[in-house]
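The values are calculated or read from the model by the stated rules, or taken from the named source; none is laboratory data. Note that the coordinates shown come from a computational prediction; the quantities given were computed from them, not determined experimentally. Here the Cβ is made from the backbone with ideal geometry for all residues, glycine too, and neighbour counts use every protein chain on show.
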Amino acid sequence: MFESLTLPLLIAVLALWVAHSIFLNRRLSESQNRYRQFFSDSPVALILIDKKYRIIEWNQSAEAIFGWSADNAVGESIIEFIVPNFDKAHVNNVLQKASTEGISYSKNYNITQHSHEIFCEWRNRRLDGESGDILCMAQDITLSQKTLDELSKRSSALESVGDAIVYTDSKGLIEFANPSFFALELNDHVELYGTSIGNYFFKDQHTFNTIRSQFAIHNTWRGTVTKGSKSGEKVLSITITAIYRQKRLVSYIVNLHDITHIASHVDDLTYRVQHDPLTGATNRATLYDRLEHAMNRSKRHHEKIALYFIDLNDFKLVNDRYGHEAGDRLLQNVAQNIRSCLRNSDTVCRYGGDEFIVMIEEVKGEDHLSSIQNAIQTAISEPIYLDERTTLYAKASIGVALYPDDADDSEALIKAADTAMYIAKKEKNFNAREPILCVDSHNH
């Protein structure tokens, strides 16, 4: 009876074992199929190699990256197959590290089927078990590496370029400045980062807002700014370029160049072109230019302009008695004294020889005209010390003409003032009029 019960029990156990084995095999088969599917479809190149670095498996992404099919790759040494000669020693060391330590990383060059050189990032992991197989995972980073290289080159260019460069975020807040900018040694460079370029370069945001409105037409604006530095004020040529991506503003690039020495030279040349070299008074050409602008303003504002034509009395006597150097000193001092009694906006011109013209805008009336003439006459009469023994006291004949009362153009107005000066000179009693007085004294 015992034997009759044992046999069915054994059969039942055997049936369960067979069923379980079938279930496990099916699960194993499904797991293997899923692994195969994952291995084959992975977006990363998956290459399985043995402990001698020979290729065992090669998925579709590896085929897409390197060009060879699995049939071509399996059995080949991965180092000999896809690694250029100059990088083989490096890759061999990387794979040895994976064999001994279980994992390794690298970035190295590889060769495709068509002999193209690409740059890949690798992650290598030793699989569990005694076989020593290594799973190599690779991504082609050639394009991203080229981008990084390009960015690195541009960054190096920004760092080494001679001109100062600043760039901002989309709001115009400064994010970066290269060494050439800091070499300018501007006084407020410590406050640079996070500051609006409007406030930093133009002292107020309104000025930059006006400039920014022009970027809708042109992406670039050029001009000059003045900034304080350790060595004094600097004049900077500034170019601001608006950078757009898909019609969206992303940054402003500011290029600066120190033109202080050029600006100073230009200012010096401009001064020389506009002024009399002996006295520093404006010259005749500058007077005509300023007079034209003044007459235009006068028409708009319905105001009057006065021209005072000044002729020094007995100037030739000074040259004859004391020499031309003394005459030059006299002219220089007279010009300086006239300028000192007038506003900065008034024009003092050496018209020629010993003749000066003073142009006054916004004349208020007869009293105003008289007070200015008296001030000029007083300034001219200031004592001029030639040396410890000689002092000169200059006197002058002065005529005045008004625009538009006496003339309606510059030439006619100057002629009217000149005529008024000669009339004033003739009206004087020439025997009684005061010449340039030359006083000898030991008290100066």
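Tabulated results
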item: Of all residues making up the stretch 120-132, the number that are crowded, with 18+ Cβ neighbours inside 10 Å and either within 15 Å of Y53 (Cβ to Cβ) or touching a Lys or Arg at 6+ places or on another chain (Cβ under 6 Å) (or both); result: 3
item: Only one of G353, G399 that is closer than 16 Å to L278 by Cβ and touching a helix residue (DSSP H, G or I) at 6+ places or on another chain (Cβ under 8 Å); result: G353
item: Hits in the stretch 347-377 - residues which are over 28 Å from T391 (Cα atoms) and either among the hydrophobic types (A, V, I, L, M, F, W, C) or buried (at least 17 other Cβ atoms within 10 Å of the Cβ) (or both); result: M359, I360, E361, V363, L369
item: Count of the stretch 167-192 residues which are surrounded by fewer than 18 Cβ atoms within 10 Å (Cβ to Cβ), among the aromatic types (F, W, Y) and in contact with a strand residue (DSSP E or B) (Cβ under 6 Å, 6 or more places away or on another chain); result: 1
item: Any hit, the stretch 377-384, residues being among the aliphatic types (A, V, I, L, M) and modelled with pLDDT under 85; result: no
item: Residue list for the stretch 339-378, restricted to those being assigned to a helix (DSSP H, G or I) and touching a strand residue (DSSP E or B) at 6+ places or on another chain (Cβ under 9 Å); result: R339, H368, L369, I372, Q373, I376, Q377
item: Residue count for the stretch 389-414, restricted to those that are without any contact (Cβ under 8 Å) to a residue 60 or more places away in the chain, crowded, with 16+ Cβ neighbours inside 10 Å, out of contact with any His (no Cβ under 7 Å at 6 or more places or on another chain) and not small (G, A, S); result: 1
item: Given (1) assigned to a helix (DSSP H, G or I); (2) among the basic types (K, R); (3) at pLDDT 85 or above, index of the condition K171 fails; result: (1)
item: Qualifying residue in the stretch 137-158 (condition: at pLDDT 90 or above, out of contact with any Cys (no Cβ under 9 Å at 6 or more places or on another chain) and in a strand (DSSP E or B)); result: yes
item: Residue identified as in contact with a helix residue (DSSP H, G or I) (Cβ under 7 Å, 6 or more places away or on another chain) and assigned to a helix (DSSP H, G or I) among L291, L331; result: L291
